[in-house]
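Scroll down for the structure; my scribbles are underneath it.
Bear in mind that the values in this text are calculations on the coordinates, not laboratory data. What you see is a predicted model; the values in this text were computed from it and never measured. Don't worry about glycine lacking a Cβ; one is built from the backbone with ideal geometry, like all the others, and counts go over all protein chains shown.
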Amino acid sequence: MPATALHLPHTIQWLGDTSGSLRLLDQTRLPTEETYLDAESVEQVHDAIRRLVVRGAPAIGIAAAYGVCVAVGNQPDQARSTALSAIEYLATSRPTAVNLFWALDRMRRVVEATADDRLATQLLSEAIAIHDEDRQMCAAIGRHGAPLLDGCQNVLTHCNAGSLATAELGTALAVIYTAHSNGNPVHVYADETRPLLQGARLTAWELSRSGVDVTVLCDSMAASLMLSGKVDAVIVGADRIAANGDAANKIGTYPLAIMARYHNVPCYVAAPSSTFDLSLPTGQGIPIEQRSAKEVSHPFGAQTVPAGVAVYNPAFDVTPAELITAIVTEQGLIQPVNATTVAKVIRLAAPQS
């Protein structure tokens, strides 16, 4: 399925050679402005990840890998120490998305295995490989997941797990895009996704520009929509998945999975093998990022909470494996979702260099 036919945005681009820079589509400005940020320092890359200029677990990992290259390009005479410092620094940008640490670990292994005179070139080659591999994983997720939507007319998704969150097709949205390519033009309901409205601002933006029929609804409307029989399946992405299949995703995913179970609607998670953290037996060990109170009290600059009132603003929640019908990976389906099937499928994933 060619990306040009879908009019997918260029979320992440590397410009130039080893002394180049990282161009990011500024997702904080969508849907009204399509503007790009050129990050020419590791501090700018860190800030872009922290501020959600670039977001989504796979995209964060790709951006961080290129961030190491940006740092080394600015300090070529101290490439090794600069790369190691950049890796440590970028790891502090966001705590939940395991792809960030997975990508930085790959960059660290390059530093450890490469001579100084070849380090900048090899680091850039590794970052490009991470970028290209994600494109391939997204396409494979789409192929494995699209049959799950056979017979479905309406699919509900939460947050953004599309081209804006990855190298190309996305994870959850790759399944939807591939279904469309296969002649199954499902209609998508996109949860608004409070408080930063990634569903309304981002998912609706990329689906509509790609010709996919999409309707936005407030998060609190999902249950009544299911009760009316208008949802045939739920599909979401993930930022970290534990060894037993518990999945961390954008806050609001857990109640959506509960609703789906109550209404007998299948709930699918789509994620690459790099999103699995097999060092964690269950989702209880997944660190949950706590974000600024102002995202809730002053959304997009308008005050909606009285001054002095406390705000609770976790960025993610964890959906227990027993509420997930299947996990779609580039290696195939994990179904039923439990530690045994996770281990069996993820072991099939080719080792990353």
### Task
Can you tell me the 0 to 90 degree angle between the C-alpha axis of helix 172-181 and the longest principal axis of the chain, rounded to 10?
70 degrees
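Once you charge only the Cβ atoms, +1 for Lys and Arg and -1 for Asp and Glu, what is the size of the charge dipole of the chain about its Cα centre, to the nearest 20 debye?
Values: 24 positive and 34 negative charges, 117 e Å.
Charge dipole of the chain: 560 debye, to the nearest 20.
Full-extension gain between ASP132 and ALA293, please, as 0.36 nm times their residue separation minus the C-alpha to C-alpha distance. Mind showing how you got there, number by number?
Details: separation 161, 0.36 × 161 = 57.96 nm, distance 3.64 nm.
That works out to 54.3 nm of additional length.
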### Fewest-first sequence of HIS7, HIS180, HIS187 by Cβ atoms within 10 Å of each Cβ
HIS7, HIS187, HIS180
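Could you line up LEU196, LEU173, LEU8 from fewest to most neighbouring Cβ atoms inside 10 Å? Please report the intermediate quantities before stating the final value.
Working: LEU196 25, LEU173 33, LEU8 21.
In order of increasing Cβ crowding within 10 Å: LEU8, LEU196, LEU173.
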## Note on the structure
With Rg from the Cα atoms and Rh as the Kirkwood inverse mean 1/r over Cα pairs, the range 144-346 has an Rg/Rh of 0.96
### Message
Normalised radius of gyration for the range 17-85, please: alpha carbon Rg relative to 2.2 N^0.38 Å, two decimal places.
### Response
1.13
### Helix axis angle, 79-90 relative to the chain longest principal axis, alpha carbon, degrees
30 degrees
### Task
Can you grab the distance from the C-alpha centre of the range 276-353 to the C-alpha centre of the range 17-64, Å, no decimals?
22 Å
#### Entry: Rounded, prolate or oblate (a/c below 1.5 giving rounded, otherwise prolate when a/b exceeds b/c) for the range 3-137 by Cα gyration tensor
prolate
### Query
With contacts defined as alpha carbon pairs under 8 Å and 6 or more residues apart, what's the relative contact order of the chain in percent?
16 percent
### Task
Extending each Cα 7 Å along its Cβ direction at LYS230 and GLN335, get the distance between those two points in nm, one decimal.
2.6 nm
### Query
Per the helix-only calculation at 222 nm, which mean residue ellipticity applies to the chain, given -39500 (n - 2.57) for every DSSP H run of n ≥ 4 and division by its residues, nearest 500 deg cm²/dmol?
-11000 deg cm²/dmol
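Give me the number: length gained by fully extending ASP26 to CYS218, i.e. 0.36 nm times residue separation minus the C-alpha to C-alpha distance, one decimal in nm. Show your work: numbers first, answer last.
Numbers: separation 192, 0.36 × 192 = 69.12 nm, distance 2.38 nm.
66.7 nm is the gain from fully extending ASP26 to CYS218.
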### Query
Regarding the chain, what are the three Cα extents along the principal axes, ordered largest first, in Å?
64, 52, 41
### Query
Assuming R0 = 25 Å, what is the FRET efficiency of LEU278 and SER85, from their Cβ-Cβ distance, to the nearest 0.05?
0.35
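Treat the count of other C-beta atoms within 10 Å as a stand-in for reagent exposure and order THR96, THR282 from fewest to most.
Sorted ascending by nearby Cβ count, the order is THR282, THR96.
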### Task
Quick one: angle between helix 57-74 and the longest Cα principal axis of the chain, in degrees between 0 and 90, rounded to 10, please.
20 degrees
### Task
Calculate the spin-label point distance for ARG51 paired with THR92, positioning each point 7 Å from the Cα along the beta-carbon direction, and give it in nanometres.
1.8 nm
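Length gain on complete extension for the stretch GLU43 to THR121, per 0.36 nm per residue less the alpha carbon to alpha carbon distance? Each step should come with its number before you reach the end.
Details: separation 78, 0.36 × 78 = 28.08 nm, distance 2.10 nm.
Full extension of this stretch gives 26.0 nm more.
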